[in-house]
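Undergrad: Dropping a structure here in structure tokens format, bear with me for questions.
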Amino acid sequence: MTAVPVRAREPGPQKFREMSGKVGWGIVAWVVGIAFFLPVAWMVITAFKPESAAETWPPKFVFSPTLAQFRLVFSGMGPFLTHSLIATTVSTLLVLLLGVPAAYALSVNPIKHWRDGLFFFISTKMLPIVAAIGPLYVIAVHIHLLDSIWLLIILYTAMNLPLAIWMIRSFMLEVPSELLEAARLDGAGRIREITGVIMPVISPGLVSTSLICVIFAWNELFLALNLTVTNAATMPMFLISSVPQEGLYIAHLSAAATVASVPVILVGWIAQRSLVRGLSMGAIK
Amino acid sequence: MAQVKFVSATRMYAKNALPAVDALDLDIKDGEFMVLVGPSGSGKTTALRMLAGLEPLDGGRVEIGDRDVTFVRPKDRDIAMVFQNYALYPQKTVAENMGFALKMQRVPKDERARRVREAARLLDLDDKLLNRKPKQLSGGQRQRVAMGRALVREPQVFLMDEPLSNLDAKLRVQTRSQIAELQRRLGITTVYVTHDQVEAMTMGHRVAVLADGQLQQVDTPRQLYDKPVNQFVAGFIGSPAMNLQNAPLTDGGARLAGTILPLPAPVRSAAGQAGLRELVLGIRPEHLHLADGAGELRGEVMLVEELGADALLHVRLAESGNQVVARTEGRTPPAPGQDVTFNVRPDDVFAFHPQTGARLAG
């Protein structure tokens, strides 16, 4: 590109108003952004404080940072982390495995009562989970899955599936019909059509769907708290367990919370390009 | 290779709606280049999709090479289709795109690669392009890949749905002749859909003109131009379009722009039998010949469109005040505002029934 010299225009009153408007919005954006980020920053900073410095008011900004809390966290975190990783990964894979064909049957090749199906899936999310915890507990006891990682996998899959189906369906609707017709003419069967044609096209959408499932499963506390004890306790359970009966714990809790947040942030950061493309898939052609 | 046959093929999108394709009867010969042409909503694309198996039939049947394929799945019809937007698989390379159908047919890898390269050579696609993704290609290259994907399959019938509409004007003209030439060389039966009558005329061995789901006429380009069966075909084929003017009947002909255009006896008797007092006259712009004041049709030039080789005159006719278009030699066209006269050879005057639109002919 060749640069075309443009003579700077006199900043008229119109221009000035535009500029000040931009600056105004900029300030608002920064204030809101900082307000959101402040608790996170506070958590991370506190994690590096000695317990004695953590609970002072006003908060101290000058202190000698220590990794003592992290050492403590890492020493007890192992099983919790493993459970969380298993429950999150397996449930997310299951969601994709079940969600893709389900979304296909509700969009590209719709079944007869696809509207009812679609509504049924979302309706399962309308019931407050608290209302279901009693029956879930009883069932879990009877099928001997209480405090089992399999129970969490099943529940997290069920919990994330409706949203995933809705998301994947909306991505599938964006796939040009000519592409599917070309595949049909080329002799692709139904499975080939899904795996070879549709899935590559909507892969950014699948990544963002997976990411959301991962976040929800990773952060889930209520079910884990009520249905697991030790054999399947997850990272959010670990956070709770780092609150002792007595004594100071803020720094320890902050360190645990920081560690627990890292995987999700990491996954999000890796996936961010696909995430933006996936979430805006319908918006731009 | 095979002939294609539509037998009363009908498609209705909704129960009470007018059929998108209404009892289409069309015989396409082996090796023929058949163009389906018509305005949007004429049913030409629907007809093609019925042949492809992408659109079910609500009546009648479709045959490919004496085989009734009405209920045969698209992939088993031995056809290949080029889509308007090419429909290339975005995540596959050019070679994978072109070889996909063969892969589905379980053609061995070497054979696949050979046929892909062969098709690429046929279409002047550089070998370097074979490993690119569609996104990295220009519009013209994408178009050729889409063609290649169809070629590789060596089908019995090619189906093309406005394959040139996404190209710019110059490339379109170029590709137009390439496709026609390729089809002639390969001799594969081809059904080609377009809304562009120039494409239809230049490419088709025969052209089927459709309107409102009905087949109007199927004939060679020459015949469509010289002997249109009705007012629609007459107005659709030819550019600029034929001038169509209502004209009252007189003893020896019809009255238009201050003169009486003589009509052949069969036309007059046909009009008489139908009890007409008025008919629609059709004169092509290129058949209005400028005459220095001595012509029959009189009018005033309103606008001159210079095309280089020739010029289009928009002329307001005397008496009726209707506008007609005349094509004239480009060097010295008359100026706007000037009074002009035209001569017309009686053979070049078409006459149509004002209500049914059918051509009145002996």
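Only the coordinates and a few stated rules stand behind these numbers; no lab work does. Computed from a predicted model, the values in this text were never measured in an experiment. Every residue, glycine as well, gets a Cβ built from its backbone with ideal geometry; the counts of neighbours run over all protein chains shown.
Undergrad: With springs connecting C-alpha atoms under 10 Å apart, model chain B as a Gaussian network and identify which of B:ASN16, B:ASN131, B:ASN97 has the largest mean-square fluctuation.
TA: Between B:ASN16, B:ASN131, B:ASN97, it is B:ASN16 that shows the largest mean-square fluctuation.
Undergrad: Another one. To check my understanding: the extent here is largest minus smallest coordinate of the Cα atoms along each principal axis. What are those three numbers for chain B, in Å, largest first?
TA: Principal extents (largest minus smallest coordinate, Cα): 75, 47, 34 Å.
Undergrad: Loop only by DSSP, 10 or fewer other Cβ within 10 Å of the Cβ. Give me the chymotrypsin sites (Phe, Trp or Tyr not before Pro) in the range B:58-147 that pass, ordered by residue number.
TA: Here the sparse-neighbourhood loop sites are B:PHE71.
Undergrad: For the range B:152-287, what class follows from the C-alpha gyration tensor (a ≥ b ≥ c being the square roots of its eigenvalues): rounded when a/c is under 1.5, otherwise prolate if a/b is larger than b/c, else oblate?
TA: Since a/c reaches 1.5 and a/b is larger than b/c, the shape of the range B:152-287 is classed as prolate.
Undergrad: Then there is this: Considering Cα pairs under 8 angstrom that are at least six residues apart, work out the relative contact order of chain A and quote it in whole percent.
TA: About 29 percent, as a whole number.
Undergrad: Quick one: Karplus J couplings for the range B:27-34, per residue in order, coefficients 6.51, -1.76, 1.60, θ = phi - 60°, nearest Hz, x for Gly and Pro?
TA: Rounded to whole hertz, the list is 10, 10, 6, 4, x, 7, 9, 9.
Undergrad: Arrange A:TRP57, A:TRP269 by Cβ neighbour counts within 10 Å, fewest through most, would you?
TA: Ranked by crowding around the Cβ, least crowded first: A:TRP57, A:TRP269.
Undergrad: Let me know the shape class of the range B:81-225, please: from the alpha-carbon gyration tensor, a ≥ b ≥ c as square roots of the eigenvalues, rounded when a/c is under 1.5, otherwise prolate if a/b is greater than b/c, or oblate.
TA: Verdict is prolate for the range B:81-225.
Undergrad: Now for a separate question. Taking loop as defined by DSSP and a crowding limit of 12 other beta carbons within 10 Å, which trypsin sites (Lys or Arg not before Pro) in the range A:98-183 fit?
TA: A:LYS112
Undergrad: A further question on this structure: Between 0 and 90 degrees, rounded to the nearest ten: what's the tilt of helix B:109-122 against the longest Cα principal axis of chain B?
TA: 30 degrees
Undergrad: Which value in deg cm²/dmol, rounded to the nearest 500, describes the helix-derived mean residue ellipticity at 222 nm for chain A, given -39,500 (n - 2.57) per DSSP H run of n ≥ 4 and division by the residue count?
TA: -23000 deg cm²/dmol, from helical runs alone.
Undergrad: Right, next: Once you have all Cα-Cα distances for the protein assembly as shown, histogram them in 20 Å bins from zero and send the whole-percent values.
TA: Here the calculated profile for the protein assembly as shown is 14, 31, 28, 18, 8, 1.
Undergrad: Next question. When only C-alpha pairs under 8 Å and at least 6 residues apart count, what is the relative contact order of chain B, in percent?
TA: 16 percent
Undergrad: Further question: Please state, rounded to one decimal and in Å, the Kirkwood hydrodynamic radius that the range B:45-109 gives when every pair of distinct Cα atoms enters the mean of 1/r.
TA: 13.5 Å
Undergrad: Residue by residue through the range B:294-306, what is 3J(HN,Hα) from phi via Karplus (6.51 cos²θ - 1.76 cosθ + 1.60, θ = phi - 60°)? Round to whole Hz and write x for glycine and proline.
TA: With coefficients 6.51, -1.76 and 1.60, one gets 9, x, 8, 7, 10, x, 10, 6, 9, 7, 10, 9, 7 Hz.
Undergrad: Oh, and also: Hey, fewest Cβ within 10 Å first, where do A:ARG17, B:ARG284 land in order?
TA: Sorted ascending by nearby Cβ count, the order is A:ARG17, B:ARG284.
Undergrad: Could you give the angle, 0 to 90 degrees to the nearest 10, between helix B:169-186's Cα long axis and the longest principal axis of the Cα atoms of chain B?
TA: So the helix axis and the longest Cα principal axis differ by about 60 degrees.
Undergrad: Tell me, rounded to the nearest percent, the portion of alpha carbon pairs in the range B:1-133 spaced more than 26 Å apart.
TA: Roughly 37 percent, rounded to a whole number.
Undergrad: Can you return the lysines within cross-link range of B:LYS109? Criterion is Cα-Cα under 17 Å, with same-chain partners fewer than 8 residues away left out.
TA: B:LYS92
Undergrad: Here's something else I'd like to know. Measure nothing fancy, just the Cα-based angle from helix B:139-152's long axis to the longest principal axis of chain B, in degrees from 0 to 90, nearest 10.
TA: For B:139-152 against chain B, the angle is about 60 degrees.
Undergrad: Using the count of nearby Cβ atoms within 10 Å as a rough guide to exposure, how do A:LEU163, B:LEU215 rank from fewest to most?
TA: A:LEU163, B:LEU215
Undergrad: Checking the a/c ratio against 1.5 first, then a/b against b/c, what shape does the Cα gyration tensor give for chain A?
TA: oblate
Undergrad: Taking A:LYS60 as the anchor, which lysines have their alpha carbon closer than 29 Å to its alpha carbon, excluding any fewer than eight residues away along the same chain?
TA: A:LYS49
Undergrad: Just to check I understand the Karplus step: with θ = phi - 60° and J = 6.51 cos²θ - 1.76 cosθ + 1.60, what whole-Hz values come out for the range B:259-268, glycine and proline as x?
TA: So the J values, rounded to whole Hz, are 8, 10, 7, x, 10, x, 4, x, 5, 4.
Undergrad: For n ≥ 4 DSSP H runs only, could you compute -39500 (n - 2.57) per run for chain B, divide by its residues and tell me the 222 nm figure to the nearest 500?
TA: -7500 deg cm²/dmol
Undergrad: Quick one: putting +1 on the C-beta of Lys and Arg, -1 on the C-beta of Asp and Glu, what dipole do you get for the protein assembly as shown around its Cα centre, in Debye to the nearest 20?
TA: The calculated dipole for the protein assembly as shown is roughly 1500 debye.
Undergrad: Whats the longest run of chain A with zero GluC sites (Glu not before Pro) that are DSSP loop and have at most 16 other Cβ atoms within 10 Å?
TA: A:56-173
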